[in-house]
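Asks: Pasting a structure below so you can have a look.
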Amino acid sequence: MEKHYLSMLVDNKSGVLSRISGLIARRGYNIDSLSVCATEDERLSRMTIAISCDERTFKQIQAQLAKQIEVEKIVELKDSDSVLRELLIIKISCKNNIIPEIVDLTTIYKAKTVDITESSVILELTGRASKLDSFIEMLRPYGIIVMARSGLSALQRGATCLKESD
Amino acid sequence: MKETTGAKLIVETLASLGMKKIFGYTGNYILPVFDAIKDSSIEVFVPSSELGGAHSADGYARATDEVGVVITTSGPGATNLVTGIATAYMDSVPILAITANVPRKKLGKDSFQEVDITGIVTPITKYSHIITSVDELEYEIKKAYALASSGRKGPVLLDIPYDVLNEKVCIKNVEYSLPKAIVPDKNAIDKAIALLNEAVNPIILVGGGAKDASKEISLLAEKLSCPIVTTMRGVGAVDSANLLGVVGYSAPYSNNTQFKKADVVLALGTRFSDKMYAKSKGKKYIHVDIDLAELDKIVETNSAILGDVKDVLPLLLNGVKARNLDKKFTRGALKKNRLTTLASTIAELDLTDVIVATDVGSHQIALLNALGAKNHKELLSSTGLGTMGYGLPASIGASIATGKHVLLFTSDGSFNMNFNEISTAVKYGVDLTVVIANNRSLGMIEDIQRNKFNARYIGIDTPDISYALLAKSMGAQGARLTLPKAQETLQKALTERGVKIYEVRI
Ligand SMILES: Cc1ncc(C[n+]2csc(CCOP(=O)(O)OP(=O)(O)O)c2C)c(N)n1
């Protein structure tokens, strides 16, 4: 199953998130992530959806979403022509003696240390989902206490961009 | 710019959109709108329940192709609409529901008769929106109206807090502009033409989205010398000698056999409901639909054409080669029994200028299969949701909309659900002939229990009601008919005024 990404501009109104998420749930689409954020235009929000499915299902999801009145624009983002990023915040147990190992990992992955106590450390990493996945795997042996991922945010590269006026 | 109130603005905007007749049921929070109607050109028709109002708005819309409007108060008034809205949604019928809600400062506090109706109806509307400022009211009404009646039609709902109805506002005569009409893709059309020209046994499958293209469909079928079949929703859409009838689970065997034999299916305005679609290998599909999300949803197509059937068919007609085969088309029929005999009797009446309606169950299947190769564009039947009790209020709406006589074929189970609307029909002087095929049972369910549950019957008996007395108690006429007498009595009834309710024991 392939990974697909959709970027949508939707009306920034109450009920829109629930219409979109309800549609996805009702039709049984299994999405990897959905993120919603503000845009430079206060009338619109941006939704980014990551889905693993076959091509035909993907076309169906795209068509179902596109026909919602509140969806002003929708484009498929390709890995090759987009910047796809996710944020991870992860807390692991960390005794003093392993700090050097953690620092090494943080350096390799270009992660940041945002909080540290006697028994735990919180790290922050931004990047592609696969990079986050591998960072998590590397940290797993130390004991993950909690973690939070933002879901995918994405923009097209270059001059093209998803704006209402396009 | 004229200053007015939110409530008056609603009424004036509806009037400016051409609405003359709407359906509505009153209650505390919608009162400002009812009050504004008093001084307007709009007439409000009051059903026995909001559900009746919603179905009437649906019947109004199916009979006229215009938007049916229903207004209700908050809370239970709004929730009573739900089945009616879902019925319209499943059959792509344009209705505009306007509900009142509690004042804005009480929203979200579980106030008396507060309900999140826009949330409740989200999955069964094209658009639902709660007004948060009186300034967006005019635009939102025009937007909702336009959305309901364009593209793939469907229900929309606007919820308006009570204080917004009383607020001062200026009418700005704003416009809502619709997206551009779709231009069918030339490549897909060419591909479809090639497929049809290579076909050995082509067949045309007609759905509800093809109701405006009766002439083009029959011309195309003649040119291709091919049969036409319809979905349940497509019944009445075409008038053609090539029409076999319905296909699917409730269709005659011979129609399904013909469908199976086809190598190329030209599917027009259908969503391939699970009731009709029997997957058969080795077929090629050309699918024309106005809703992109329907293309390739159920069947994989060889040519998917996004567009209005009415616009696409002339292009296909131009391109296909005439086959001039000397073929005869035999309409399929269901097994003969008392119910199908009564249905045929009704289908064979002179129904010129009469709108036909059904309820839901075996009688519906019988009539939809029996209706001849005649155009019944305004046919009222809940095929997508299969809503029992739809028939009577929908008939009232259709008759109020058109002034035409409506013939409703129902059965006791369905009729018992909403017979409180007989009094509505009488009150508004509609011309309505009701035939109740009374089998003292929920017939369709009885059949299922017989076949799938070893004849272990439960929950299917219906009460013994004297429908003649019931009719009389509400000011209508009523009588029991025998099957042999039905033809003569019913034909006469269709030329007479008023509400007549006939019970035929099946
Ligand atoms: C509101 C509603 N409730 C339940 C059903 C399930 N159902 C489908 S057909 C049917 C029986 C219909 O009985 P009746 O109206 O007497 O028609 P008949 O089948 O006897 O012709 C039932 C209960 C339904 N379609 N709609």
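Asks: Which listed residue (B:Ala370, B:Ala437, B:Pro155) has the Cα farthest towards the positive end of the charge dipole for chain B, taking +1 on Lys and Arg C-beta and -1 on Asp and Glu C-beta about the Cα centre?
Replies: Comparing the listed Cα positions along the dipole, B:Ala370 ranks first.
Asks: If you don't mind, another one. Would you list, by chain and number, the lysines whose Cα falls below 27 Å from the Cα of B:Lys186, excluding same-chain residues fewer than 8 positions away?
Replies: Partners within reach: A:Lys59, A:Lys67, A:Lys73, B:Lys153, B:Lys211, B:Lys215, B:Lys223, B:Lys283, B:Lys284, B:Lys297, B:Lys310, B:Lys321.
Asks: From other protein chains only, count the Cβ atoms within 10 Å of every residue's Cβ in A:59-71, then give the mean.
Replies: Per-residue shielding by partner chains comes out at 4.
Asks: Only four residue types carry charge here, +1 at the Cβ of Lys and Arg and -1 at the Cβ of Asp and Glu. Report the dipole size of chain B about the Cα centre in Debye, rounded to the nearest 20.
Replies: It comes to approximately 1540 debye.
Asks: Give the distance, in whole Å, between the Cα centre of segment A:73-145 and the Cα centre of segment B:234-293.
Replies: Segment A:73-145 and segment B:234-293 have Cα centres spaced 55 Å from each other.
Asks: If contacts are Cα pairs under 8 angstrom and at least 6 residues apart, what is the relative contact order of segment A:2-77 in percent?
Replies: Across segment A:2-77, relative contact order equals 49 percent.
Asks: Rounded to the nearest 500, what is the 222 nm mean residue ellipticity of chain A from helices alone, with -39500 (n - 2.57) per DSSP H run of 4+ residues and division by all residues?
Replies: Only helices count here, giving -8500 deg cm²/dmol.
Asks: Dipole size in debye (nearest 20) for segment B:77-117 around its Cα centre, Lys and Arg Cβ +1, Asp and Glu Cβ -1?
Replies: For segment B:77-117, the charge dipole is close to 280 debye.
Asks: Now for a different question. Using mean Cβ contacts within 10 Å as the protection proxy, how do A:142-149, B:23-30 order, highest first?
Replies: B:23-30, A:142-149
Asks: Right, next: Sum -39500 (n - 2.57) across every DSSP H segment of at least 4 residues in chain B, then divide by the residue count to get the 222 nm mean residue ellipticity, nearest 500.
Replies: So the helix-based figure for chain B works out to -10500 deg cm²/dmol.
Asks: Moving on. Among all the lysines, which ones have a C-alpha under 26 Å from A:Lys91's C-alpha, if same-chain residues fewer than 8 places away are not counted?
Replies: Qualifying lysines at Cα under 26 Å: A:Lys110, A:Lys112, A:Lys131.
Asks: DSSP loop (so not H, G, I, E, B), at most 10 other Cβ within 10 Å: list which trypsin sites (Lys or Arg not before Pro) in segment B:60-135 pass both filters.
Replies: B:Lys109
Asks: Can I ask one more? How would you rank B:Phe112, B:Phe419, going from fewest to most other Cβ atoms within 10 Å of each one's own Cβ?
Replies: B:Phe112, B:Phe419
Asks: In addition: Taking neighbour Cβ counts within 10 Å as the exposure measure, how do A:Arg56, B:Arg440, B:Arg338 sort from fewest upward?
Replies: The fewest-first ordering by Cβ neighbours comes to A:Arg56, B:Arg338, B:Arg440.
Asks: Toward the positive end of the charge dipole of the protein assembly as shown, about the Cα centre and with charges on Cβ (Lys, Arg +1; Asp, Glu -1), which of B:Leu14, B:Gly208, A:Gly151 goes farthest?
Replies: B:Gly208
Asks: Here is a follow-up. List the trypsin sites (Lys or Arg not before Pro) within segment A:89-121 that fall in a DSSP loop (any state other than H, G, I, E or B) and whose Cβ has at most 15 other Cβ atoms within 10 Å.
Replies: Passing both the DSSP loop test and the Cβ count: A:Lys95, A:Lys110.
Asks: Where in chain A is the longest stretch that carries no GluC sites (Glu not before Pro) classed as loop by DSSP and with at most 13 other Cβ atoms within 10 Å?
Replies: Within chain A, the longest run free of exposed GluC sites (Glu not before Pro) spans A:43-117.
Asks: With +1 on each Lys and Arg Cβ and -1 on each Asp and Glu Cβ, and nothing else charged, work out how big the dipole of segment A:2-77 is about its Cα centre, in Debye to the nearest 20.
Replies: So the magnitude is around 320 debye.
Asks: Additional query: Filter the trypsin sites (Lys or Arg not before Pro) in segment B:155-191 down to the DSSP loop ones having no more than 13 other Cβ atoms within 10 Å, then list what survives.
Replies: Passing both the DSSP loop test and the Cβ count: B:Lys172, B:Lys180.
Asks: Would you please give the FRET efficiency between B:Asp65 and B:Asp274, computed as 1/(1 + (r/R0)^6) with r the Cβ-Cβ distance and R0 = 30 Å, to the nearest 0.05?
Replies: After rounding, the FRET efficiency stands at 0.65.
Asks: Report, for the protein assembly as shown, the % of DSSP beta bridges that are antiparallel, rounded to 5.
Replies: Once the DSSP bridges in the protein assembly as shown are tallied, antiparallel ones form about 45 percent.
Asks: Counting only C-alpha contacts under 8 Å and six or more residues apart, can you give the relative contact order of segment B:186-319 as a whole percent?
Replies: 29
Asks: Here is a follow-up. Report the relative contact order of segment A:83-153, percent, no decimals, based on alpha-carbon pairs under 8 angstrom and at least 6 residues apart.
Replies: 52
Asks: Say the dipole of chain B comes from +1 at the beta carbon of Lys and Arg and -1 at that of Asp and Glu; which of B:His405, B:Phe329, B:Thr482 then lies farthest toward its positive end?
Replies: The Cα lying farthest towards the positive end belongs to B:Phe329.
Asks: Right, here's the next one. Neighbouring Cβ atoms within 10 Å as the yardstick, rank B:Ile506, B:Ile460, B:Ile10 fewest first.
Replies: With the fewest neighbours first, B:Ile506, B:Ile460, B:Ile10 line up as B:Ile460, B:Ile506, B:Ile10.
Asks: Here's something else I'd like to know. Scan chain B and report its longest stretch carrying no GluC sites (Glu not before Pro) that are both in a DSSP loop and have at most 13 other Cβ atoms within 10 Å.
Replies: Counting at most 13 other Cβ atoms within 10 Å as exposed, the longest clean stretch of chain B is B:1-174.
Coordinate-derived values only; no laboratory data. The shown structure was predicted, so the numbers you read here are calculated from the model rather than taken from an experiment. Note: ideal-geometry Cβ built from the backbone for every residue, glycine included; neighbour counts use all protein chains shown.
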